[in-house]
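Quick note: the coordinates plus some simple rules give every number you see, no bench work behind them. None of these values were measured; they are calculated from a predicted model. A quick note on method: Cβ atoms are made from the backbone with ideal geometry, for glycine too, and the neighbour counts reach across all protein chains shown.
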Amino acid sequence: MKIKLCEEDKKKLLKLASEKNVYLEGNIIKVIDSEDDEEFSKYLVDAKEKDTETRKKRLEMTRQIQDQNKELAEKAKENDKLMNELKSALADAQGAKEAALNDLDLIQKKSQFELIGQIVKISLWVIMGVGITTTLLYGLALYLNGSGPETTLIGNTWSNLLGILLTNSFSIIGTIMGVKYASESMEKDKK
């Protein structure tokens, strides 16, 4: 079945083609009868050629877009894979950092504890040494002088000195325990 157009429609289509370069498109061109009008027959041939060209361009464009979409999909998969790997590496690094910080904290606490122990030992040895030396000197003075007036003065001095040593030993131990408690308190506040 062929469609026949009136002369007025043919003139309008020819005018539209010449002025605005707009032609009929699609399968409608195949069913229009040119009725042996050479100018309109040429129009239909041109319209068919332009339609074929346009379809080829559209098809090519569609293929390019499909190819680009495939590439983009592949890139998106690669990006997702890389993001997952980065997240995993970040989590591993975070775990390693926390382990290193815990180890460092443990080493610092151990070093501090050992240092405090050394200070306490040395302090107690000094205090005991001074106390024993003073006691030996007082005992020697008592042995050599008997119970004379000089020994009373030495006895008072000996008593005061032992009191001072005892007070200092408690002071040292109290100071060390206070520093230890304060450092533990500060660590708890940080967490």
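Between ALA91 and LYS48, residue separation times 0.36 nm minus the direct Cα-Cα distance comes to 9.2 nm. Which of the DSSP-defined H helices in the chain satisfy a minimum axial length of 18 Å, computed from C-alpha atoms, and a minimum mean Kyte-Doolittle hydropathy of -1.0? Span-like helices in the chain: 38-145, 149-190. Remark: for residue pairs LYS87/LYS109; LYS15/LYS48; LYS20/LYS57; LYS87/LYS180; LYS97/LYS180, the C-alpha separation exceeds 28 Å in LYS87/LYS109; LYS87/LYS180. Taking the helices alone, the chain has a mean residue ellipticity at 222 nm of -32500 deg cm²/dmol, built from -39,500 (n - 2.57) per DSSP H run of at least 4 residues and averaged over all its residues.
Over all other residues within a Cβ to Cβ distance under 10 Å of GLU39, the charged ones net out to +1, with Lys and Arg as +1 and Asp and Glu as -1. The H on the amide N of ASP33, modeled in the peptide plane, is under 5 Å from the matching H of ILE3, LYS4, LEU5, each at least 5 residues off or on a different chain. Spin-label model, ASP33 to LEU140: label points 7 Å out along the Cα-to-beta-carbon direction sit 14.8 nm apart. The local environment of ASP67, defined by Cβ-Cβ distances under 12 Å, has a net charge of -1 under the rule Lys, Arg +1 and Asp, Glu -1.
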